[in-house]
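Derivation of every value follows stated rules applied to the coordinates shown; laboratory data play no part. Source: prediction; values computed, not measured. Glycine gets a Cβ as well: all are built from the backbone with ideal geometry, and neighbour counts include every protein chain shown.
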Amino acid sequence: MNAVTGRADLLARGQVALRAGDMAGARACFAAMLGFWPDDPDALHGLACIALALGRADRAISLAGRARFVAPPDHPRLGSYHEVLARALLACGHHAAARAAIRTACLHSPDDGAIMLACAEIMERTGDLAAAVVAHAQAVAVGGVPARVAQARFWWRRGRGEAALAQMRHVAASAPHDGVVIHELVGMLLAHDHREEAETVLRRLLAHDGCDGQALATLGALLFAAGRLRPAAAMLRVALRHDRAPETANNLGLTLMALGEMAAAQAVLADACRAQRGDARIALNHATALFESGQHAQARAACEALLARHPAPDPATLSRARFNLGVARLAEGDLAQGWALWESRLGFMPQPPATQRLPRWQGQALPSGRRLLVTMGQGLGDAVHFLRYVLLAARRVPVVLEVPPALRRLAATLGQAAGERAPYLIEIITPDKNDYQGVACQCDLFSLPALLGVRAVGPFRPYLGQAAWQPREHAAPLRIGLCFAGNAAYRFDARRSIAAGALAPLAQVEGVTFIALRPDHNPAQDPVFMRHELAGDADLLETSRLIATLDLVISVDTLAAHLAGAMGCPVWLLSRFGGDWRWSAAFDAAQAGGICPPVCMPGHAVPAPASQWYGGLRVLRQPVLQLPERAWQPVIAALVTALRGWVRQRGRSDGDGFEFG
């Protein structure tokens, strides 16, 4: 091998090693070159690149400067020597010198797109945006797809999102199978909430390359966000086969939880936790899966372990972990610690504008003429449950209660059902009436138990409705309110709500009329045997008037159950396995009152337990953790048996009523 061939071979091998990140191999090649040909500019340049990559910018300046000095004026790679010198100068904070060096590189290599892009980067980083714009345009003129992508990124960073998107759409049209380009475009589309277009782009890429794990995972996440849960789960499972990314496993776990497939969700999230032990978000989701599967003690331990981590998770995850721990404590009946930890929801849930304008109430008395603003930021069912504490707060201070319009008229009945009058006035307003005159401070409705020092569930008295519910004495068919579904947007609704088809056995019970407790009427989804008596625009006061005409309410864990319970109406609450914290066994009443008819679950000799929260409510829990399509079967069977028994008892009582309990 002659000297020229040997030099070329060493240079080529050194450059290949450098591009591969093999710094030791690259250094060996370039050092060997210098051993044979001292002051070889290409070897010096290679060593400068290595020094810069290893964080030795000062050494890179020396080597690149030497390469530039010894190279002949017409050396074809002289522009590259100036480029690495410019980057090294920039790393050392010599901005003016870096700009001068990169301009020289561009003069030597005006047709080199990579050097033009380096110029654009250096000009942007040193604050010369006008020069960066020109350099990007020159790079696009000679550099093709990489230059266009870099220009789009530049526009994106500078706040020109639409221009960046237009550029990336143009690039993707010319390179529809380039995964890097497509993923860049999809990221921009999602940032602009162009979800349908992002899905179309991803499906086009997957039609060409069905093994692109990132595309599969992103599309699965998109489908999950759109509520298309089963396609999302299928897509994410395929994505995991091609790329075991913990984030993909996390998304699959969340999707399976939303589908109610809790055992599968736990397994996937446990695997993700093992693969990414430092990811607190995945650990938190796993703890949620444990809780929802009825493993409350394990969920509590998982949250406690998460809070004990060093270093601590980010503030948002910490707040959520404290909140989840609070929920676990509440489920175990520990109200003191549960309420305190539950307050951490204020760190991540949206808060009303009043929280920015008014100090937070700490439970103290207020100056004469000053009032407390109580706002609410969770669902209507939770609001109805916690309105009882507004009466307790009004024993200390005057209250302005801000509620959604649908709740305003019902909230105005606070205390009427039991003839309870608080020492201080409760004024009801809605968010469109932002008149906080005379208000000294504010708090969230769901903070009242913690601020008022509630440590136990107090004796129940009806607190909503124009009058307390009274049993009807009649021989007519039983009027039973039925609510089999909640808000579909709730993340565990697949396990909470019941498919209309699963309710078919109820239609076989004679002597019973089922009344819908939701004003919306959907003939395609509602059971055909259910009567609708509420107007489509009915508010909650009108719903309470309907409940007052009923003998019983059967409801899943949603607003209807809380409203009927708060009125003192008998309720059979259908609770998913694991369920909401307030329906845990820790809040079962010592003995059932006589107002609510008994119902026994299969395999249980005693009736379903009553609840401490509402005097006339029994909790019918799913006996085991099952998939949603099977989980409600034993509960529905128990309802049918109990209703038929109740009808028979009423027939024997000659319409004079029935003693329960």
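Need one number for region 325-375: average projected area of the convex hull over its C-alpha atoms, nm². List each step's numbers first, then the result.
Details: hull surface 18.5 nm².
Here the figure is 4.6 nm², rounded to one decimal.
How far is helix 78-91 tilted, in degrees, relative to the longest principal axis of the Cα atoms in the chain, given as a value from 0 to 90 rounded to the nearest 10?
50 degrees
Please turn the phi angles of region 506-518 into ³J(HN,Hα) values with the Karplus equation 6.51 cos²θ - 1.76 cosθ + 1.60 (θ = phi - 60°), one per residue in order, whole Hz, x for glycine and proline.
Whole-Hz 3J(HN,Hα) from phi for region 506-518: 5, 5, 7, 7, 7, x, 9, 10, 9, 10, 5, 9, 10.
Could you tell me which of rounded, prolate or oblate describes region 206-273, using a ≥ b ≥ c as the square roots of the eigenvalues of the alpha-carbon gyration tensor, with rounded for a/c under 1.5 and, failing that, prolate when a/b is larger than b/c and oblate otherwise? Mind dumping the intermediate values first?
Details: a/c = 2.33, a/b = 1.37, b/c = 1.70.
It comes out oblate by the Cα gyration axes.
Applying the Karplus parametrisation 6.51 cos²θ - 1.76 cosθ + 1.60 with θ = phi - 60° to the phi angles of region 149-163, what ³J(HN,Hα) value in whole Hz is obtained for each residue in order, glycine and proline being reported as x?
5, 5, 5, 4, 4, 4, 4, 4, 5, 8, x, 9, x, 5, 5
Among rounded, prolate and oblate, which fits region 460-519 when a ≥ b ≥ c are the square roots of the eigenvalues of its C-alpha gyration tensor, a/c under 1.5 means rounded, and a/b larger than b/c means prolate? Working shown, then result.
On the way: a/c = 3.07, a/b = 1.22, b/c = 2.52.
In terms of gyration-tensor shape, oblate.
What are the ³J(HN,Hα) couplings of region 16-21, residue after residue, when phi is run through the Karplus curve with 6.51, -1.76, 1.60 and θ = phi - 60°? Round to Hz, x for glycine and proline.
Going residue by residue, I get 4, 4, 4, 5, 7, x Hz, with x marking Gly and Pro.
Kirkwood Rh over Cα pairs of region 354-451 into Stokes-Einstein at 4 °C, 1.567 mPa s: D in µm²/s? Numbers along the way, then the final one.
Working: Rh = 13.4 Å.
D = 97 µm²/s.
For helix 23-36, what angle does its Cα long axis make with the longest principal axis of the chain, in degrees from 0 to 90 and rounded to 10?
0 degrees
Taking semi-axes √(5λ) of the Cα gyration tensor in Å as the quantity of interest, determine which of (i) 57, 38, 20; (ii) 67, 28, 23; (iii) 51, 26, 23 was computed from the displayed structure.
Correct label is (ii).
Tell me the net charge near Gly458. Cut-off is 13 Å between Cβ atoms, Gly458 excluded, with +1 for each Lys or Arg and -1 for each Asp or Glu.
On the way: positive: Arg388, Arg395, Arg455, Arg461; negative: Glu420.
My count for the surroundings of Gly458 gives +3.
Roughly how many Å is it from the Cα centre of region 28-65 to that of region 219-290, as a whole number?
48 Å
For the chain, find the longest principal axis of its Cα atoms and tell me its angle to the long axis of helix 633-652, 0 to 90°, nearest 10.
10 degrees
Are there trypsin sites (Lys or Arg not before Pro) in region 381-415 that DSSP puts in a loop and that have at most 13 other Cβ atoms within 10 Å, and which ones?
Of the trypsin sites (Lys or Arg not before Pro), the ones in loops of region 381-415 whose Cβ has at most 13 other Cβ atoms within 10 Å are Arg395.
What whole number of Å gives the distance from the Cα centroid of region 291-311 to the Cα centroid of region 541-613?
About 29 Å separates the Cα centre of region 541-613 from the one of region 291-311.
Considering only DSSP states other than H, G, I, E and B, which GluC sites (Glu not before Pro) in region 423-524 qualify as loop sites with at most 12 other Cβ atoms within 10 Å? All intermediate terms of the calculation are to be shown ahead of the outcome.
On the way: sites: Glu427, Glu473, Glu510; in loops: Glu473, Glu510.
Sites meeting the loop and neighbour criteria: Glu473, Glu510.
For Cys441, what residues show an amide H to amide H distance below 5 Å, using hydrogens built from the backbone and excluding near sequence neighbours?
Arg371, Leu373
Within 10 Å, count the other beta carbons around each residue, average over each peptide in 527-534, 119-126, and list them highest first. Mind dumping the intermediate values first?
Numbers: 527-534: 15.1, 119-126: 20.8.
Answer by packing, highest mean first, reads 119-126, 527-534.
For region 523-661, rounded, prolate or oblate, judged on the Cα gyration tensor with a ≥ b ≥ c (square roots of eigenvalues), a/c < 1.5 rounded, else prolate if a/b > b/c?
Details: a/c = 1.28, a/b = 1.09, b/c = 1.17.
Verdict is rounded for region 523-661.
In whole angstrom, note down how far apart the Cα centers of region 77-94 and region 401-426 are.
73 Å
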